[in-house]
């Protein structure tokens with residue numbers, strides 16, 4: 001049986017890789033209202049300041065900004081509403097056991113898969129300032145090596 005994963009990336013948290021070591025990733029469903037899903041499908045989502053937390057063995061996402069739907073009526077949603085994430089019980093237990101001091105659960109992507117909104121979350125550990133400088137240095141070295149290789153190859 002073929003596994004054709006067709007999905008559309010709506011939003012990414014590009015600062016997550018800069019500020020955290022991403023240890024393990026999961027894809028979770030998210031409970032949205034009608035106007036929220038319409039706004040998400042129009043790519044109006046911001047997850048840069050969002051984070052996940054546990055409440056009574058359930059996972060929620062906070063500070064995920066979904067602006068109100070432009071064509072919505074008086075029944076539009078709140079932008080920064082706390083939203084519930086949907087995961088299997090085994091995945092929730094796995095995340096709960098890995099959650100420790102200094103470990104965060106952050107969203108890295110929002111995707112639409114088969115007309116359903118999903119959030120890719122990651123178990124992450126915060127980077128120190130010297131770790132951030134080290135990754136920038138590695139990236140610059142790789143970039144300069146790649147450009148030198150391309151110059152010598154095509155000259």
key: Every residue from the stretch 17-39 that is part of a helix (DSSP H, G or I) and modelled with pLDDT of 90 or more   = none
ask   = On the given criteria, is residue 110 surrounded by 12 or more Cβ atoms within 10 Å (Cβ to Cβ), touching a helix residue (DSSP H, G or I) at 6+ places or on another chain (Cβ under 9 Å) and part of a strand (DSSP E or B)?
value = yes
remark   = Given (1) modelled with pLDDT of 90 or more; (2) over 27 Å from residue 129 (Cα atoms); (3) touching a helix residue (DSSP H, G or I) at 6+ places or on another chain (Cβ under 7 Å); (4) surrounded by 15 or more Cβ atoms within 10 Å (Cβ to Cβ), residue 45 misses just (3)
ask   = Among the residues of the stretch 92-104, which ones are part of a helix (DSSP H, G or I), in contact with a strand residue (DSSP E or B) (Cβ under 7 Å, 6 or more places away or on another chain) and surrounded by 14 or more Cβ atoms within 10 Å (Cβ to Cβ)?
value = 92, 95
inquiry  = Can you say whether residue 14 is under 15 Å from the mean Cα position of the chain (by Cα) and either at pLDDT below 90 or closer than 27 Å to residue 139 by Cα (or both), as far as the supplied structure shows?
reply    = yes
query = Of all residues in the stretch 125-155 being outside any helix (DSSP H, G or I) and touching a helix residue (DSSP H, G or I) at 6+ places or on another chain (Cβ under 7 Å), which is modelled with the lowest pLDDT?
reply = 127
remark   = Those residues of the stretch 105-127 which are without any contact (Cβ under 8 Å) to a residue 60 or more places away in the chain, farther than 18 Å from residue 94 by Cβ and touching a strand residue (DSSP E or B) at 6+ places or on another chain (Cβ under 6 Å) amount to none
note = Within the stretch 16-37, residues over 12 Å from residue 123 (Cβ atoms), loosely packed, with under 14 Cβ neighbours inside 10 Å and in contact with a helix residue (DSSP H, G or I) (Cβ under 8 Å, 6 or more places away or on another chain) come out as 18
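Considering only residues that are assigned to a loop (DSSP other than H, G, I, E, B), touching a helix residue (DSSP H, G or I) at 6+ places or on another chain (Cβ under 9 Å) and surrounded by fewer than 17 Cβ atoms within 10 Å (Cβ to Cβ), which ones fall in the stretch 48-87?
Keep residues of the stretch 48-87 that are assigned to a loop (DSSP other than H, G, I, E, B), which gives 48-50, 56-57, 63-64, 66-82, 87.
With the extra rule that they be touching a helix residue (DSSP H, G or I) at 6+ places or on another chain (Cβ under 9 Å), the set shrinks to 48, 57, 66-73, 75-77, 81, 87.
Matches in the stretch 48-87: 48, 57, 67, 68, 70, 71, 72, 73, 75, 81.
The values are calculated or read from the model by the stated rules, or taken from the named source; none is laboratory data. The model shown is predicted, which means the values in this text are computed figures rather than measured ones. Cβ: placed from backbone, ideal geometry, glycine included. Neighbour counts: every protein chain shown.
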